[in-house]
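Enquirer: Just passing along the structure, written as structure tokens.
What follows draws every value from the coordinates through simple rules; no lab data is involved. The shown structure was predicted, so the numbers you read here are calculated from the model rather than taken from an experiment. So basically every Cβ, Gly included, is an ideal-geometry build from the backbone, and we count neighbours across all protein chains shown.
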Amino acid sequence: MLELNSLKRNKVSLADYDSSLDIRNRMIMADFSALDVEVLEEILYSPLKISAKKLLKTIGCKEEELERTLHYLNKACLLEKKEDLIFVDKDMRKYFEFELKRFDPHFKPDMEFLQGLLRKVPIQVLPTWYSIPRTSNNIFESIVEKYLLSPHIYQRYLSELSFPEATIHSIIHDLFNSSNLRLSSSDVIAKYNLKRVDFEEIMLLLEFNFVACLVFEKQEDHWMESITPFHEWKEYLEFLQKTEAPYIKPTLFQKAVESDFRFIEQMADLLKLSLEHPAKAEWNPMVEKICLLKLGSFIDEKLVVLETGKSWLDLSNENRSLFLYRHPQNRILSLDVPERYVREAEKSIKRVLHGEWVYFDDVAKGAIVPLSEDSVVMLKRVGKQWGYQLPTYGERERQILKATLFEWLYELGIVSTGRALERDCLKVTSFGKFFFSD
């Protein structure tokens, strides 16, 4: 067996439960035909003692075909056949009732399934595996809160998982970078030259570490086995895929300004002009911003440059921008927005760090940042259904998002703004890509 027990975050050890039985049965199920599943379903929904002749009549297959399936299920310790009678093991029936869900055409490896998966393991082992208090009233809720509660928490957890086998990291990378978030088991086994027993150990480890799950899809008379993320995370990733903002064709675009730091340069020009030729000035948003930042003071209808303003002029555009970003008094002038929502709205540009021009409407459609108390993305349960609840933005939230992008980040030189087909658009500047790069 592979040594797969040393993890940085979790302490999942396949030696803590009867994983050898689990692996053996998973290897058997991997070779199931359509008839095997049909026979298994009939056995599971029948009494613990069944007549083989009656079963043969119910299924309507050839006797040798039924015998072959019963031989597999006997190897799996589910049943024992004595003459015409089939005796079903009660405990193994529970095991296969759970595993048979994977063969349901409507199966989703969701949080409900994950709870069932964890029931295979002695309950006293779970607090050790997942580093949760043994006094926890609900172990699964504690696991959700610690590892799965939000996309940020779960992504951080995934990034910190450490496996001793590089192959496991490669499989995870392949899965999350696949177009349909699904990998064929046979392709993975062939690509990494894995023995079937080693593949099943890896998959158990991925399942118990909440990374991925095995599922089956019927194709004609057999079942195709594949690997997929757990359903709720797969739904979230699919949302991200569907809401990728498409690039704007260059022929449609009319740029609003020429320089990425246009606002900062205009501020600098105004301060320099006030230094060289003091004259009456109009009170406007830029003058208000200069006074807010204590770069200048508006006295007797004149803009007076302060010492801080003179020092600011000596900085590069990038450092001027950082001065604005870090200044405790700086804020959006056009809208009264709590700072915490501005900081959250800033993060929406992380989805367009490629630096291409995109429409604001498309950015807003794919935004997943909390802009109100009710718009935090969290894993929630409604009845038996779980899911990452995505934010729904009203007019107020859209105003916050637009003011952050088109005023706050534009002033900092982090985004450029423009118009295309009479629609507002933007792109992240080179400085913005550097500023928000991880």
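Enquirer: Filter the trypsin sites (Lys or Arg not before Pro) in region 257-351 down to the DSSP loop ones having no more than 13 other Cβ atoms within 10 Å, then list what survives. Working shown, then result.
Expert: Details: sites: Arg262, Lys272, Lys280, Lys289, Lys294, Lys302, Lys310, Arg320, Arg326, Arg331, Arg340, Arg343, Lys347, Lys350, Arg351; in loops: Lys294, Arg331.
Counting only loop positions with at most 13 other Cβ atoms within 10 Å, none of the trypsin sites (Lys or Arg not before Pro) in region 257-351 qualifies.
Enquirer: Once Lys and Arg get +1 and Asp and Glu get -1 on their Cβ, which of Val197, His222, Phe208 lies farthest toward the positive end of the dipole of region 195-238?
Expert: Val197
Enquirer: Still on this model: Tell me, what is the percent relative contact order of region 53-195, built from C-alpha pairs under 8 Å that lie six or more residues apart?
Expert: 7 percent
Enquirer: State to the nearest 20 debye the size of the charge dipole of the chain about its Cα centre, where the only charges are +1 on K and R beta carbons and -1 on D and E beta carbons.
Expert: Charge dipole, the chain, about its Cα centre: 520 debye, nearest 20.
Enquirer: Hey, can you grab everything whose amide H is under 5 Å from the amide H of Asp424? Only 5+ residues off in sequence or another chain; H modelled, so Pro and N-termini drop out.
Expert: Here Phe360 satisfy the definition.
Enquirer: Still on this structure, I have one more. Quick check on the chain: helices-only [θ] at 222 nm, where DSSP H runs of length 4 and up contribute -39,500 (n - 2.57) each and the sum goes over total residues. Nearest 500, please.
Expert: -12500 deg cm²/dmol
Enquirer: What percent of all Cα-Cα pairs in region 56-128 falls in each 5 Å bin, counting up from 0?
Expert: Result returned by the calculation: 3, 12, 18, 19, 17, 14, 10, 5, 2, 1.
Enquirer: Per residue and in cubic angstrom, what volume does the convex hull of the Cα atoms of the chain have?
Expert: Spread over its residues, the Cα hull of the chain gives 199 Å³ apiece.
Enquirer: Below 8 Å between Cα atoms, with a sequence gap of 6+, how large is the relative contact order for the chain in percent?
Expert: 16 percent
Enquirer: Let me ask something else. Bin width 10 Å, alpha-carbon pairs only: give the P(r) of region 378-438 as whole percents, running from 0 to the bin holding the largest distance.
Expert: Spelled out bin by bin, region 378-438 gives 19, 32, 28, 15, 6 percent.
Enquirer: For region 311-338 and region 216-281, what is the centre-to-centre distance using only Cα atoms, to the nearest Å?
Expert: 22 Å
Enquirer: Would you work out which of Leu237, Trp283, Ser178 lies farthest towards the positive end of the dipole of the chain? Charges go on Cβ: Lys and Arg +1, Asp and Glu -1.
Expert: Toward the positive end, the furthest listed residue is Trp283.
Enquirer: Could I ask something else about it? Go through 414-420, 380-386 and give me the packing order, highest mean Cβ count within 10 Å leading. List each step's numbers first, then the result.
Expert: Numbers: 414-420: 19.4, 380-386: 11.6.
Descending mean neighbour count gives 414-420, 380-386.
Enquirer: Does a label point 7 Å from the Cα of Asn319, set along Cα-to-beta-carbon, have any residues of region 388-423 with amide nitrogen under 19 Å, and which are they?
Expert: It comes to 412-414, nothing else.
Enquirer: What ratio of Cα Rg to 2.2 N^0.38 Å holds for region 262-326?
Expert: Ratio of Cα Rg to 2.2 N^0.38 Å: 1.01.
Enquirer: Need the C-alpha centroid separation for region 43-87 versus region 140-188, integer Å.
Expert: 39 Å
Enquirer: Let me ask something else about it. Among Gln115, His71, Pro47, pick out the residue whose Cα is farthest towards the positive end of the charge dipole of region 1-139, where Lys and Arg carry +1 and Asp and Glu carry -1 on C-beta, about the Cα centre.
Expert: Value computed over the given set: Gln115.
Enquirer: Now for a separate question. Taking amide H positions as placed 1.01 Å from N in the peptide plane, with prolines and chain starts having none, which residues 5 or more places from Val304, or on another chain, fall under 5 Å of its amide H?
Expert: Ser297, Phe298, Ile299
Enquirer: Whole number please: convex hull volume per residue of the Cα set in region 14-240, in Å³?
Expert: With only Cα atoms used, region 14-240 gives 139 Å³ per residue.
Enquirer: Average the reciprocal distances over every distinct pair of alpha-carbons in region 188-254, invert the result, and give the Kirkwood radius in Å.
Expert: Numbers: mean 1/r = 0.0661 Å⁻¹.
Taking the inverse mean of 1/r over all distinct Cα pairs, region 188-254 comes out at 15.1 Å.
Enquirer: Something else: Restricting things to Cα coordinates, could you compute the convex hull volume per residue of region 299-438 in Å³?
Expert: Considering the Cα atoms of region 299-438, their hull volume per residue is 157 Å³.
Enquirer: Distance cut-off 31 Å, Cα to Cα: go down the list Lys380/Lys427; Lys11/Lys101; Lys108/Lys433; Lys191/Lys234 and report the pairs above it.
Expert: Lys380/Lys427; Lys108/Lys433
Enquirer: Ratio of alpha-carbon Rg to the 2.2 N^0.38 Å globular estimate for region 219-271, to two decimals, please.
Expert: Ratio of Rg to 2.2 N^0.38 Å for region 219-271: 2.41.
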